[in-house]
Amino acid sequence: MEGLNNTTESNQMYLVSMARLAEVVEDCPIPVSQVAELLGVTSVSANQMIHHLEEMGLVTYTPYKGVEFTEDGWKSAVKTLRSRRLWEVFLVEKLQYGPQEADILACRLEHAISEETAQRLAEFLDWPEISPQGKAIPQLDPVGFLHTGSTINSMHANERGVVTALPPGEERAYLQHSGVNIGSEIDILASQIDGPCLIKTGNGITINISSELSNRIWVKPESSK
């Protein structure tokens, strides 16, 4: 856990940028060129930082393919992302900034508060789940993992939900390839208590989800079909 406790603002900028890309890219690992483009830096600079993050145990890098999170890296990234999106809500709802301007300001403020302060900010804002940009705001559970809603293994057949969080790495790549992305709608076709389930993705693909994986996909339940 050493990497989690020693991340600098620069480290966090890279991690949160990767987390934002992970919400929209179809495949993992994430190409370094996309990270560099989002941050407005050269690919050389991005490669240097990614190698540094790998040494800290926060990411893994595969040459000619890209970069993906370790579990510790993912935790660190979504904590910063949570802070950023809470600030966006505050700036838009309480200070009447426009969403684009709020996004720029939130980028500067996301590193300025502790996890406890972010929790107080969330409480002050009445626990928002969606940012002004329409992105899911990760939520804290009692042991410090971040999520919104509930896992699909707690849902029943004929229920529907919107995906709010996915596991990192190969599992995320598999799910995204099958049409399961953050913000996408899924239908539960069949399920067993704490077991595997059959789901239908928003683009009509039907896939089986193992009991282990069903405990790592978070959704915000909607009304039954």
Inset, instruction - Could you check the range 169-225 for strands (runs of 3 or more DSSP E) lying wholly inside it with 3 or more residues that are among the aliphatic types (A, V, I, L, M)? - result: 185-191
Inset, instruction - Count, please, the residues in the range 16-38 that happen to be over 18 Å from Ala165 (Cβ atoms), touching a strand residue (DSSP E or B) at 6+ places or on another chain (Cβ under 8 Å) and hydrophobic (A, V, I, L, M, F, W, C). - result: 2
Legend entry - Close pairs from the range 97-111: first farther than 13 Å from Gly134 by Cα, partner loosely packed, with under 15 Cβ neighbours inside 10 Å, Cβ under 6 Å, at least 6 apart: His111/Glu9
Inset, instruction - Output the number of residues of the range 1-20 satisfying the condition of being modelled with pLDDT of 75 or more and assigned to a helix (DSSP H, G or I). - result: 12
Inset, instruction - Determine, yes or no, whether Ala118 is touching a residue at least 12 places away in the same chain (Cβ under 8 Å), over 25 Å from Val35 (Cα atoms) and more than 16 Å from the chain's Cα centre (by Cα). - result: yes
Legend entry - All positions within the range 92-133 that are in a helix (DSSP H, G or I), acidic (Asp, Glu) and in contact with a strand residue (DSSP E or B) (Cβ under 7 Å, 6 or more places away or on another chain): none
Legend entry - The lone exception for Leu166 - which of (1) of a type in the set (A, V, I, L, M, F, W, C); (2) under 22 Å from Ile30 (Cβ atoms); (3) out of contact with any Lys or Arg (no Cβ under 6 Å at 6 or more places or on another chain) it fails: (3)
Inset, instruction - Return yes when Ile50 is touching a strand residue (DSSP E or B) at 6+ places or on another chain (Cβ under 6 Å), without any contact (Cβ under 8 Å) to a residue 60 or more places away in the chain and under 16 Å from Pro167 (Cα atoms) and no when it is not. - result: no
Legend entry - Ser131 in the same structural domain as Glu9 (by TED's automatic domain parsing), surrounded by 21 or more Cβ atoms within 10 Å (Cβ to Cβ) and out of contact with any Leu (no Cβ under 7 Å at 6 or more places or on another chain): no
Inset, instruction - Could you grab me the full set of residues in the range 37-50 that are farther than 17 Å from Ser76 by Cβ and assigned to a helix (DSSP H, G or I)? - result: Glu37, Leu38, Ser43, Val44, Ser45, Ala46, Asn47, Gln48
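Say whether the condition of being buried (at least 16 other Cβ atoms within 10 Å of the Cβ), closer than 21 Å to Arg20 by Cα and either at pLDDT 85 or above or not assigned by TED's automatic domain parsing to the domain that holds Trp74 (or both) is met by at least one residue in the range 190-212. I'd like the intermediate steps shown before the answer.
Taking the range 190-212 first, the residues buried (at least 16 other Cβ atoms within 10 Å of the Cβ) are 191, 197, 199-201, 207, 209.
Keeping just the survivors that are closer than 21 Å to Arg20 by Cα gives none.
No.
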Inset, instruction - Could you check, for the range 80-89, whether at least one of its residues is modelled with pLDDT of 95 or more and outside any helix (DSSP H, G or I)? - result: no
Legend entry - Answer residue from the range 75-128, given it is acidic (Asp, Glu) and in contact with a helix residue (DSSP H, G or I) (Cβ under 9 Å, 6 or more places away or on another chain) and is surrounded by the most Cβ atoms within 10 Å (Cβ to Cβ) among those: Glu88
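The values are calculated or read from the model by the stated rules, or taken from the named source; none is laboratory data. These numbers were taken from a predicted model, which means no experiment stands behind them. Neighbour counts run over all protein chains shown; Cβ positions are idealised from the backbone, glycine included.
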